[in-house]
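Trainee: Just dropping this structure here.
The values are calculated or read from the model by the stated rules, or taken from the named source; none is laboratory data. Just so it is clear, the structure is predicted and the values come from calculations on it, not from any experiment. Heads up, the Cβs are rebuilt from the backbone with ideal geometry, glycines too, and the neighbour counts pull from every protein chain shown.
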Amino acid sequence: MRKMDDGAQRQAAASAVLAPRSRQVDAGNLRGFEAAARLGSFTAAADALALTQSALSRQIQTLEASVGVPLFVREGPRVRLSPAGEQFAVVVRQALQQLDAAVEGLRASQGRPRVQITTFASLASQWLIPRLGEFQSAHPDIDIAVETFDNLSDLETGGLDIAIRRLRDDNPLARAPHTTFLFGEEITPVCSPALAQTGRAPGALDDLPRCVWIDDVRIHSAPPIARANMQALSWGGWYAGLGLPQPEPQRWLRFNYTYQVIQAAVAGQGVAMGQIGLIRDLLAAGTLIAPVGRRVDAGYGYYLAVRSGAQQRPEVAAMLQWLQQQFTAWQAIEIGD
């Protein structure tokens with residue numbers, strides 16, 4: 001019997017793997033497929049759905065095995081739909097839209113309007129939550145659900161209404177429809193005034209290496225892509241923005257959330273790299289000071305995104321108007337140079 005060549009063997013193996021199964025397709029896998037089809041990248045789709053890339057890849061592989069045909073053509077880090085995938089994507093998008101519309105109808109029928117917001121944990125704790133009481137007082141009939149994810153959530157398929165995100169200026173999501181730029185982000189070293197009174201605060205740039213530096217541990221432990229993005233907001237990013245090499249401090253004090261870093265700085269435990277977009281009120285009140293100055297543009301901006309069509313609901317429109325007013329007032333706070 002003549003042996004098959006390598007190409008035929010690979011094709012036979014692929015056909016065997018993609019032999020259709022009799023069980024029904026998992027609806028969760030359809031969300032992953034739709035996001036990957038729309039974004040052209042498993043990595044971007046995983047970020048949008050708050051999944052790991054490996055989890056998203058497994059969803060696609062399971063779906064392809066269930067339907068029995070390849071749905072994507074892999075081209076390095078990018079993917080594109082196969083002819084079968086293009087046909088399937090049309091059906092899946094329509095089905096998901098109908099499903100989401102049905103869910104919205106069920107929610108509306110319960111009698112209490114609700115707004116679902118997603119943002120990252122530090123902005124929620126340091127900015128949003130302290131202000132929500134004002135909105136609740138003005139709109140006592142509207143329920144609010146706040147979900148905090150560091151990964152980007154897909155508004156179109158994730159059941160969320162509004163996202164407040166900090167994005168790199170070159171991120172395609174920053175230019176997506178229904179996304180509004182709010183303001184840019186600058187960073188500078190900050191500490192408690194009490195630290196200055198004890199003589200442990202820097203008086204000039206050259207004093208910084210003699211201080212305890214408070215840092216976000218995720219800058220060093222996150223996956224490579226996330227770590228590279230976070231570097232822009234770190235001590236290393238600040239020194240790079242000044243065109244200087246980063247020295248080693250007297251000692252490091254690290255936490256795994258930005259708001260914990262700021263809490264430690266307020267408590268006088270060292271000098272933190274402050275993100276002015278988050279701590280403007282602390283600087284204005286004198287709770288934190290910027291003893292060295294020297295702000296650096298971090299290359300990030302804050303953005304407000306709304307799911308297409310959601311702004312037509314009165315409760316979402318009210319929340320959007322309130323958020324815009326709050327961010328405008330926030331940027332008007334004077335904090336000096």
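Trainee: Would you mind telling me which numbered condition in (1) at pLDDT 90 or above; (2) over 30 Å from Thr119 (Cα atoms) Arg23 fails?
Mentor: Unmet for Arg23, out of (1) at pLDDT 90 or above; (2) over 30 Å from Thr119 (Cα atoms): (1).
Trainee: Can I ask one more? If we keep just the residues of the stretch 46-70 that are closer than 16 Å to Val92 by Cα and of a type in the set (S, T, N, Q), which is surrounded by the most Cβ atoms within 10 Å (Cβ to Cβ)?
Mentor: Gln59
Trainee: Looking only at the stretch 132-154, filter to residues that are in contact with a strand residue (DSSP E or B) (Cβ under 7 Å, 6 or more places away or on another chain) and more than 16 Å from Ala317 (Cα to Cα); which one of those is modelled with the highest pLDDT?
Mentor: The residue in question is Val146.
Trainee: Take the residues in the stretch 185-204 that are modelled with pLDDT of 90 or more and surrounded by 15 or more Cβ atoms within 10 Å (Cβ to Cβ); name whichever of them is nearest to Leu39 (Cα to Cα).
Mentor: Ranking the candidates gives Glu185 first.
Trainee: Among the residues of the stretch 234-246, is there at least one that is touching a residue at least 24 places away in the same chain (Cβ under 8 Å), among the polar types (S, T, N, Q) and surrounded by fewer than 20 Cβ atoms within 10 Å (Cβ to Cβ)?
Mentor: No: the stretch 234-246 contains no residue that is touching a residue at least 24 places away in the same chain (Cβ under 8 Å), among the polar types (S, T, N, Q) and surrounded by fewer than 20 Cβ atoms within 10 Å (Cβ to Cβ).
Trainee: Follow-up. For a quick check of your reading of the model, give me the residue pairs whose first member lies in the stretch 212-225 and is under 16 Å from Gly237 (Cα atoms), whose second is modelled with pLDDT under 70 and surrounded by 13 or more Cβ atoms within 10 Å (Cβ to Cβ), with beta-carbon atoms closer than 7 Å and at least 6 apart or on different chains.
Mentor: Ile219/Arg227
Trainee: Additional query: For Glu334, only one of the following conditions fails: (1) touching a helix residue (DSSP H, G or I) at 6+ places or on another chain (Cβ under 6 Å); (2) of a type outside the set (S, T, N, Q); (3) modelled with pLDDT under 90. What is its number?
Mentor: (1)
Trainee: Sticking with this one: Restricting to the stretch 286-333, count the residues that are in contact (Cβ under 8 Å) with a residue 12 or more places away in the chain and more than 30 Å from Arg210 (Cα to Cα). Give the derivation first.
Mentor: Within the stretch 286-333, the first condition is being in contact (Cβ under 8 Å) with a residue 12 or more places away in the chain, and the residues that meet it are 286-308, 310-311, 313-316, 318-320, 322-324, 326-327, 330-331, 333.
Restricting the remaining residues to those that are more than 30 Å from Arg210 (Cα to Cα) gives 301-308, 310-311, 313-316, 318-320, 322-324, 326-327, 330-331, 333.
Total meeting the criteria: 25.
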